[in-house]
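The values are calculated or read from the model by the stated rules, or taken from the named source; none is laboratory data. Note that this is a predicted model, so its numbers are computed, not measured. Glycine gets a Cβ as well: all are built from the backbone with ideal geometry, and neighbour counts include every protein chain shown. Just the protein is used for accessible areas: all its heavy atoms, side chains included, with ligands, DNA and RNA removed. Shrake-Rupley method; radii C 1.70, N 1.55, O 1.52, S 1.80 Å.
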Amino acid sequence: GIKATIRNIILTGASALVGVLFAVFGQIYQTGANAYDFFLVWTIFVSLWVCISNFPPLWLLYLALINTTIVLYTQQVAVNWTEGWVCILLFSINSVILIAASIAGKDRIPQWFLNTIALASASIATYGIVLGIFDRHQTHLPLLLVSTAVAFAFVIWHAFKKQSTFYIALVSFCTIIIVSAWIIDITEQEMAFLPISLFIIAGISATIKLVIDLQKKWRNEK
């Protein structure tokens, strides 16, 4: 007789408590050795609850567990993986999940859930590109640049199709960060901080104006 929303909230709380129990009784995690085991087992044990509930907040917790498990695995087991290639892996996984959720969920999945995954994917890609710009030893930059450019182009197309200013603002801010990092790497001078600051201010102002204009235009079309 419990409402579905209350049941899903209880399942989400129980899923969080699974991690607490493993943290308390799991000797591997307490000793600090192979902490990825803790998150991997946590992810496995809540998988069934995630699937049967189909509750967006619980899915968000599940995705956070997956990403954390991968990061810890690369830090403690696959230590030969460079940070840049880890960014490509995480970006690919989250992008695939975002696309699958957008196609399969349609109107059943709340927009904030899709926006959160998009923000995480874009942040990972931006961090990986900035890392590749400043670290000459990273070999992942060309592949991540191409994949990010393709993903951003698709996101912009999707944003205009769905009339969503969030994705336009997200891509714009990520582009501003990447270009700023590239300018800093080229100049390598303290005097460059002034033009970079002006560029950031101009870029953010232009993005805000674009978003406002698009909102007015799309509002009038409805």
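For segment 155-171, which residues satisfy the criterion of being more than 16 Å from the chain's Cα centre (by Cα) and open to solvent by 30 Å² or more (accessible area, probe 1.4 Å)? Across segment 155-171, the qualifying residues are Ile156, Trp157, His158, Phe160, Lys161, Lys162, Gln163.
The C-beta contact set for segment 134-150 (first residue among the β-branched types (Val, Ile, Thr), second residue open to solvent by less than 80 Å² (accessible area, probe 1.4 Å) and part of a helix (DSSP H, G or I), distance under 6 angstrom, 6+ apart or interchain) comprises Thr148/Ala125. Note on segment 185-213: residues that are among the small types (Gly, Ala, Ser), closer than 23 Å to Phe152 by Cα and either modelled with pLDDT under 90 or surrounded by fewer than 15 Cβ atoms within 10 Å (Cβ to Cβ) (or both) amount to 3.
For segment 171-222, name all the residues that are of a type in the set (Gly, Ala, Ser) and more than 30 Å from Ser147 (Cβ to Cβ). Within segment 171-222, none qualify. What number of residues within segment 158-184 are part of a helix (DSSP H, G or I) and either among the polar types (S, T, N, Q) or at pLDDT 90 or above (or both)? The qualifying residues number 16. Within segment 2-25, residues that are over 17 Å from Thr43 (Cβ atoms) sit with their Cβ atoms under 9 Å from residues that are in a helix (DSSP H, G or I) and open to solvent by 40 Å² or more (accessible area, probe 1.4 Å), at 6+ positions apart or across chains, in these pairs: Ile2/Ile10; Asn8/Pro57; Ile9/Pro57; Val24/Gln30.
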